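Worksheet: one structure, shown below.
The values are calculated or read from the model by the stated rules, or taken from the named source; none is laboratory data. The shown structure was predicted, so the numbers you read here are calculated from the model rather than taken from an experiment. Ideal geometry is used to build each Cβ from the backbone, glycine not excepted, and the neighbour counts take in all protein chains shown.
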Amino acid sequence: AQKVTQAQTEISVVEKEDVTLDCVYETRDTTYYLFWYKQPPSGELVFLIRRNSFDEQNEISGRYSWNFQKSTSSFNFTITASQVVDSAVYFCALSEAGYGGATNKLIFGTGTLLAVQP
Amino acid sequence: NAGVTQTPKFQVLKTGQSMTLQCAQDMNHEYMSWYRQDPGMGLRLIHYSVGAGITDQGEVPNGYNVSRSTTEDFPLRLLSAAPSQTSVYFCASRRQVQGGEQFFGPGTRLTVL
């Protein structure tokens with residue numbers, strides 16, 4: 001069965017600090033997809049990144065970077081030089097390829113609340 | 001494109017009342033799903049559909065019904081609301097491909113008294 005664990009419930013940092021959000025996943029599939037979503041205080045869910053299980057290259061997008069390590073089943077998210085606008089709940093999610101991809105459900109972790117103080 | 005739309009944004013029900021949460025998408029996505037979000041529990045899958053006429057249960061289906069008569073619409077029905085169904089409900093859609101990005105609606109905040 002697929003499972004996503006985000007052990008950090010809340011993190012508080014001061015602006016300009018770097019912060020890493022942890023995500024550990026469980027799956028029996030060899031083909032799967034990992035996602036990060038951001039939920040700002042306004043409540044909508046914003047897609048940040050998708051990574052498939054065959055691509056272990058790290059990804060950098062501006063101040064955001066993601067470290068995918070199959071050996072530890074982790075897909076961690078780092079924000080460099082955090083800003084107040086980064087304050088949000090961040091969700092990690094997993095989708096298995098499944099049989100023919102027809103029913104590949106997206107399962108979420110419980111989220112990490114990041115508070116960036118000015 | 002409007003993307004994924006949900007109505008209403010807010011709703012208050014009394015225990016035992018029924019209602020339907022509406023969800024529509026204009027992206028011609030085959031796959032649609034409903035999640036509920038509760039504090040400390042993330043988003044949990046209620047029901048999903050891989051196309052018109054096809055639905056299946058997710059993690060927490062009890063107390064909810066769905067149907068999919070068109071590609072665009074995927075309503076969620078609460079037949080007899082209970083306080084345990086107080087939550088924020090999100091509808092999502094995506095193309096029916098492996099690892100397809102899900103697009104979420106703005107959510108419906110439901111309170112059952």
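Scan segment A:20-46 residue by residue and report those that are in a loop (DSSP other than H, G, I, E, B), closer than 13 Å to A:VAL89 by Cα and among the β-branched types (Val, Ile, Thr).
none
Hey, among A:GLY111, A:GLY43, which residue is within 14 Å of chain B (Cβ to nearest Cβ), modelled with pLDDT of 95 or more and under 18 Å from B:MET41 (Cα atoms)?
Residue meeting the stated conditions: A:GLY111.
Exactly one condition in (1) surrounded by 16 or more Cβ atoms within 10 Å (Cβ to Cβ); (2) of a type in the set (Gly, Ala, Ser); (3) at the interface with chain B (Cβ under 9 Å from one of its Cβ atoms); (4) not in a strand (DSSP E or B) is not met by A:SER82; state its number.
Against the list (1) surrounded by 16 or more Cβ atoms within 10 Å (Cβ to Cβ); (2) of a type in the set (Gly, Ala, Ser); (3) at the interface with chain B (Cβ under 9 Å from one of its Cβ atoms); (4) not in a strand (DSSP E or B), A:SER82 comes up short only on (3).
Take B:VAL66 and tell me if it is free of Cβ contacts under 8 Å to residues at least 24 places away in the same chain, hydrophobic (A, V, I, L, M, F, W, C) and over 20 Å from A:GLU44 (Cα atoms).
When the stated conditions are applied, B:VAL66 does not pass them.
In segment B:28-53, which residues are at the interface with chain A (Cβ under 9 Å from one of its Cβ atoms) and either on the phi < 0 side of the Ramachandran plot or touching a residue at least 60 places away in the same chain (Cβ under 8 Å) (or both)?
B:TYR31, B:SER33, B:TYR35, B:GLN37, B:MET41, B:LEU43, B:ARG44, B:LEU45, B:TYR48, B:VAL50
Restricting the search to segment A:24-58, which residues are under 15 Å from the mean Cα position of the chain (by Cα), surrounded by 16 or more Cβ atoms within 10 Å (Cβ to Cβ) and over 21 Å from B:PHE104 (Cα atoms)?
Correct list: A:VAL24, A:TYR25, A:SER53.
Could you please tell me which pairs satisfy a Cβ distance under 8 Å, a separation of 6+ or placement on different chains, a first residue in segment A:32-43 that is farther than 14 Å from A:LEU114 by Cα, and a second residue that is of a type in the set (Asp, Glu) and in a loop (DSSP other than H, G, I, E, B)?
Partner pairs satisfying both residue conditions: A:PHE35/B:GLU101.
Could you check segment A:38-92 and list, in sequence order, the residues that are acidic (Asp, Glu) and within 17 Å of A:ILE11 (Cβ to Cβ)?
Scanning segment A:38-92 gives a single hit, A:ASP86.
Which of the residues belonging to segment B:86-113 are touching a residue at least 40 places away in the same chain (Cβ under 8 Å) and away from chain A (no Cβ under 14 Å)?
Of everything in segment B:86-113, those that are touching a residue at least 40 places away in the same chain (Cβ under 8 Å) and away from chain A (no Cβ under 14 Å) turn out to be B:THR111, B:VAL112, B:LEU113.
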